[in-house]
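Chemist: After the structure tokens below, expect a handful of questions from me.
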Amino acid sequence: MKRAKLTGLVLTLLVLFGAHDAFALTISPVRVEITGNPGQTLRGEMEILNEQQEQKTFFSSFENFEPSGDTGSPRFVGDTGNLSKWLKTTDRIDIASNERQIVPFTITIPADAEPGGYFSAIFWGSQDPKDQLAGEVAIGGKLGVLILLRVAGDIHEEAGLSEFSTVDGKKILTAVPVALSYRFTNKGGDRVVPLGDIVIKNTLGMKVDTLKANESEGNVLPNSSRKFQLVWEKDAPKDMIGFLANAKAQFSNFHFGFYRAQAEIVWGSENKIEKSSTWFFLLPWQALTIVVVVLMVLVFGVKRYNVWIVSRSSTGK
């Protein structure tokens, strides 16, 4: 079993109609990636921490999810079968204030399960699901763990890099940072994790930087596209208010001319490679304007000085 890094993907359903009690609960890991064979029972565990100032009872529930848009965020579709039915854990837990509990869960894969990806979440909430089924309004919140199951077998893999450019397609920029984005489309039967590098080269073709294409190792679910965004020179000061402020920022991190970003994305069980490139032109006009003005002043000053020298020589003074 693979436990994903805590990358900030916390599944929170907001309180409906306003809850009177604070909902303070921590669950880890936030994502579990696991592979099994048809007919196999898989076992795992999660850690639950009650951060409230009193003992609380939490109830479990299961919901499948599918991709929502191109952000990678899940859209929960309820207890619709498959993985949500294969998952089992305790119905409820009582946790004292600031207590941690390790809660086991199992996934029983049917013998006739089709190979491919299945996606669900184990939720813990303050509302008993049985009450909701009885028609009561759910007042409270719930947190969950994403379960990404791969049923082993002959799984169709089909994916590709469908778009790569600067954000909003802007080609002429005044300064770094430069925001880049690429869209990765998955038409296969299981999730894929696009990896690889984005190499930045300058006008002379020299490499100036290398960016991770998917630093958080985010998944692209089947039959969906996901847009990944990354930033070159992300620590550079962004556009500031005022001509001089922008010029100062441009001088502190000076880049000028044509640049090319080359993407090499690796994905799938066979480490297939997708390549693409885009270009942009950096024109720090505020900084260049100051340079031109200074040069003009120097040239004008030298000319005036030469005229003065010639004038002194001709008058003999």
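Chemist: Based on the mean of other Cβ atoms within 10 Å per residue, sort peptides 277-284, 297-304 so the most packed one is first.
Modeler: 277-284, 297-304
Chemist: How large is ³J(HN,Hα), in whole Hz, for each residue of the stretch 269-276 in order, when computed from phi with the Karplus curve 6.51 cos²θ - 1.76 cosθ + 1.60 and θ = phi - 60°, using x for Gly and Pro?
Modeler: Couplings: 5, 9, 6, 5, 10, 10, 10, 7 Hz.
Chemist: Loop-only check: which GluC sites (Glu not before Pro) in the stretch 185-276 are DSSP coil with at most 10 other Cβ within 10 angstrom?
Modeler: Qualifying residues, ordered by number: E270.
Chemist: Non-local amide H neighbours of E158 (under 5 Å, H modeled in plane, Pro and chain starts lacking H): which ones?
Modeler: K187, G188, G189
Chemist: Could I ask something else about it? What dipole magnitude, in Debye to the nearest 20, does the stretch 59-203 give about its Cα centre under +1 on Lys/Arg Cβ and -1 on Asp/Glu Cβ? Walk me through the intermediate numbers first.
Modeler: Values: 14 positive and 19 negative charges, 104 e Å.
So the dipole magnitude of the stretch 59-203 works out to roughly 500 debye.
Chemist: Tabulate in residue order the Karplus-calculated ³J(HN,Hα) for the stretch 156-166, using 6.51 cos²θ - 1.76 cosθ + 1.60 with θ = phi - 60°, rounded to whole Hz; enter x for Gly and Pro.
Modeler: Those phi angles translate into 5, 10, 8, 7, x, 8, 9, 6, 8, 6, 6 Hz.
Chemist: Which of P194, V297, S313 sits closest to the plus end of the dipole of the stretch 170-317, meaning its Cα is farthest towards the positive end, when Lys and Arg get +1 and Asp and Glu get -1 on the C-beta?
Modeler: S313
Chemist: Between F258 and T41, take the C-beta separation as r, use R0 = 41 Å, and let me know the FRET efficiency to the nearest 0.05.
Modeler: Plugging the Cβ-Cβ distance into 1/(1 + (r/R0)^6) gives 0.10.
Chemist: Another one. Over the chain, what is the relative contact order in whole percent, taking alpha-carbon pairs under 8 Å and six or more residues apart?
Modeler: 16
Chemist: A further question on this structure: Give me the one-decimal nm value for the distance between modelled label points at A245 and V231, 7 Å along each residue's Cα-to-Cβ direction.
Modeler: 1.7
Chemist: Let me ask you something else. So which lysines pass the test for K207, namely a Cα distance under 29 Å, with those fewer than 8 places away in the same chain ruled out?
Modeler: Those lysines meeting the cut-off are K170, K171, K227, K234, K238, K248, K272, K275.
Chemist: Measure off 7 Å from each Cα along the Cα-to-Cβ vector at V208 and V266, then give the distance between these two points in nanometres to one decimal.
Modeler: Placing both labels 7 Å along Cα→Cβ, they lie 2.7 nm apart.
Chemist: Once phi is turned into ³J(HN,Hα) by the Karplus curve 6.51 cos²θ - 1.76 cosθ + 1.60 with θ = phi - 60°, what whole-Hz value does each residue of the stretch 294-306 show in order, with x for glycine and proline?
Modeler: 4, 5, 5, 5, 5, 4, 4, x, 5, 4, 4, 5, 4
Chemist: Please list the radius of gyration and Dmax for the chain, considering alpha-carbon atoms only, with Å as the unit.
Modeler: Computed over the Cα atoms of the chain, radius of gyration and Dmax are 29.0, 111 Å.
Chemist: Amide H of G196 versus every other amide H placed in the peptide plane: which residues, excluding those fewer than 5 positions away on the same chain, fall under 5 Å?
Modeler: Placed amide hydrogens put A213, N214, V266 under 5 Å from G196.
Each reported figure results from applying straightforward, stated rules to the coordinates on display, with no laboratory input. Note that the coordinates shown come from a computational prediction; the quantities given were computed from them, not determined experimentally. Note: ideal-geometry Cβ built from the backbone for every residue, glycine included; neighbour counts use all protein chains shown.
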